[in-house]
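Where a number appears in this text, it was derived from the coordinates with a stated rule and is not lab data. Everything quoted here is computed from the prediction, not taken from an experiment. Reconstructed Cβ throughout: ideal geometry from the backbone, glycine too, with neighbour counts over all protein chains shown.
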Amino acid sequence: MTPTPTPTTPDGARIEHDPYGDVDWERVTRCRSQFHLHEPRNELDPRSPDHDPPSTADADDGRSSPGALVDKYQRAGYGALAVTEHEYFVDGTKHKGEPFVEALDTTTWPWTEWDRECDPDGTVPVQGAELRGTLDGLDRLHDLVSLDNDLGHGRERSLRAVATDVGDRGGVAFLPHPGKYVDPDDVGAYVDLFEAVDPGTLFGVEAFNARDRYPSCRAIWDALLAELGADRPVWAVANDDYHARPRPAGAERFDRSRTVLLVEERSPSAVVDALSSGRSYVQYDGDGAAPRIDSVDVAGTTVRVDAPDAAAVRWIADGSAVATGAEIDVADVTGRYVRAEATAAGDAVTCTQPLYLE
Ligand SMILES: [Zn+2]
């Protein structure tokens, strides 16, 4: 394929890579998605839009099936889901710290086990698992969410080896809650990992997890964007990491963080392609509702975000807010990318993916 030349401008920066460049904003479906979910640890109500179980629930009250989890998200308007159980959790039993046995190499799949299928109007099922691997400088195993393949256990290999295995099986992967493991000023091991693994396989990091458990995830994402630039894109995802466990008030997870995919077709391949190519934006509702993005358009050196429900839009370049308002002229922006955050009441925020600058 011949690369399409980017139009140059006489002065200042130009857009080198715009993940929304091919998006037809009138045609696409905004597909609310979760790619980091767990089998229910407790009883949940598939008809309720609220976090289940309530904080007062007895933790041993029994467990709903993954099918009930799928139903709950489908009712909440989700168009694509992956149930990504921990590599050490099989058939309702935790095997953390135990030696690897082949029986652990399994995924929560297929959905037909709970009589849920991929139907044209239903939710697109994606196979997945939350695997683990070693990372330089880290004295414990690091999680890796693996999607669209059958690998069910990392076997304590390096994250690089696990991610490569995922790619060899035709899957894709991202790093969940990076703020759990590293500081934003110490992302060297991540930089090495992203440079070592194919961008079509290891495509990104989680920018929001659950009720924003690790706010430094955005700073880590920004550090990677600044360090790696357009040569090695890193796209954000956001996920509930829902386990259907009782959570205290203010820590409820259901339907708080999500990835919104821009897809023209409802199929597993369209979903995975949009996800791993950055044709998406991510949302965190906080105590409100994250604004929808109507479009992200580039004209010359001007980038415009249309988010009619947003109270404000701020632009981030190299980790700092550099402008506010719906438009930014990137001619004067130093750094390797810009991205927008559209905010609303209750700490709600929607983040676009980065547009890379030359
Ligand atoms: Zn998890």
Residue separation between residue 27 and residue 76 times 0.36 nm, minus their alpha-carbon distance, gives in nm 15.4 nm
Shape descriptor, segment 9-166: equivalent ellipsoid semi-axes (Cα gyration tensor, sqrt 5λ, whole Å, largest first) stand at 31, 26, 15
Cα-Cα pairs in segment 125-277 separated by more than 28 Å, as a whole percent of all pairs, come to 15 percent
Mean projected area, convex hull of alpha-carbon positions in the chain, reported to one decimal in nm², is 17.7 nm²
Note: probe point = Cα of residue 57 + 7 Å toward Cβ; backbone nitrogen < 18 Å; residues of segment 204-230 passing the test are 210-211
1/(1 + (r/R0)^6) with r = Cβ-Cβ of residue 115 and residue 251, R0 = 45 Å, i.e. FRET efficiency to nearest 0.05, evaluates to 0.90
From the Cα centre of segment 13-60 to that of segment 80-108, the distance in Å is 22 Å
Computed ³J(HN,Hα) along segment 67-73: with the Karplus parameters 6.51/-1.76/1.60, θ = phi - 60°, integer Hz and x for glycine or proline, the list is x, 5, 4, 4, 4, 5, 6
Working note, segment 203-349: Cα radius of gyration (Å, one decimal) and Dmax (Å, whole number) are 15.5, 50
Output row, site residue 140, 7 Å Cα→C-beta label point, backbone N cut-off 11 Å, window segment 156-195, residues 180-181
